[in-house]
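The values are calculated or read from the model by the stated rules, or taken from the named source; none is laboratory data. Bear in mind that the values here come from a model prediction, so they are computed numbers and not experimental data. All Cβ positions, glycine included, derive from the backbone under ideal geometry; neighbour counts span all protein chains shown.
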Amino acid sequence: MNLKVEEKNETGKEQEEIIEEDKPVKQKTKYEKSLIIIKPDGVKKKLIGKIISRFEDNDLEVERIRVLHIDKNIALVHYKEHEKKSFFPRLMEYITSGPSIVMVVKGENAVAKARELMGSTDPQKAKKGTIRGDFGTDITINVIHGSDCESSAEREINIFFGNYL
Ligand code: RTP
Ligand code: MG
């Protein structure tokens, strides 16, 4: 059913707008980028290919990728929000313990989609079939990082790839 709505525009002239009531409202999709890190345990366990496949199989595309042994300075900037937390020293030691894969993935709703594929922070609580649920060790040694919102993604992409957005 179509509805006819009549309203006056700025000039006072009446204008008609047809609202199609029976058309399903489309959910808005956002085209985004997310910063993903396959952390040192994921690299050591030779999970790089498997993890990238999970993104690619879910319509996320790898736009940038590098192998990087994250040093203390970069780790401090990247994980600044956690510096007062009790787990911070262990997190620092872990993330700097060997090479990581750092990448930018892009696609529709990339931030939320990547976090869904990653699963909960704690692998014990993460669902089977998620990256952390399948491969994580404990709440700190949890294989993967993904940006938690669009503004974090922008900040984190800048840390590892410079301002190319
Ligand atoms: P991430 O930033 O790495 O994607 O992880 P997340 O959002 O799921 O979790 P977040 O709270 O931001 O924590 C960052 C990383 O710190 C380690 N962590 N350890 N209680 C603990 O021992 C603990 N809590 C967090 C994890 O490596 C987590 O991914
Ligand atoms: Mg986080």
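Please verify whether the stretch 95-110 includes one or more residues that are within 12 Å of ligand 2 (Cβ to nearest atom) and closer than 30 Å to Thr29 by Cα. No: zero hits. Here Leu165 fulfils each of the conditions (1) modelled with pLDDT of 95 or more; (2) more than 13 Å from ligand 1 (Cβ to nearest atom); (3) under 21 Å from Thr29 (Cβ atoms) apart from (1). Just one of the listed residues (Ser86, Ser53) is part of a loop (DSSP other than H, G, I, E, B) and at pLDDT 95 or above, and it is Ser86.
Of all the numbered requirements in (1) within 14 Å of ligand 2 (Cβ to nearest atom); (2) farther than 21 Å from Ser34 by Cα, Thr121 misses one, and that requirement is (2).
You will find that of Lys46, Lys33, the residue that is farther than 19 Å from Ser147 by Cα and either under 15 Å from the mean Cα position of the chain (by Cα) or modelled with pLDDT of 95 or more (or both) is Lys46 and no other.
Restricting attention to the stretch 56-83, the residues that are assigned to a loop (DSSP other than H, G, I, E, B), under 18 Å from the mean Cα position of the chain (by Cα) and not polar (S, T, N, Q) add up to 4. Among the conditions (1) at pLDDT 95 or above; (2) more than 9 Å from ligand 1 (Cβ to nearest atom), Ser147 misses just one, which is (2). Would you mind finding the one in Val105, Val111, Val43 that is assigned to a strand (DSSP E or B) and either crowded, with 16+ Cβ neighbours inside 10 Å or more than 15 Å from ligand 1 (Cβ to nearest atom) (or both)? Criteria check complete, one pass: Val105. Residues of the stretch 123-140 that are more than 7 Å from ligand 1 (Cβ to nearest atom), farther than 22 Å from Lys106 by Cβ and not charged (D, E, K, R): Pro123, Gln124, Ala126, Gly129, Gly133, Phe135, Gly136, Thr137. Is it fair to say Ser147 is within 15 Å of ligand 2 (Cβ to nearest atom) and touching a strand residue (DSSP E or B) at 6+ places or on another chain (Cβ under 7 Å)? In short, yes.
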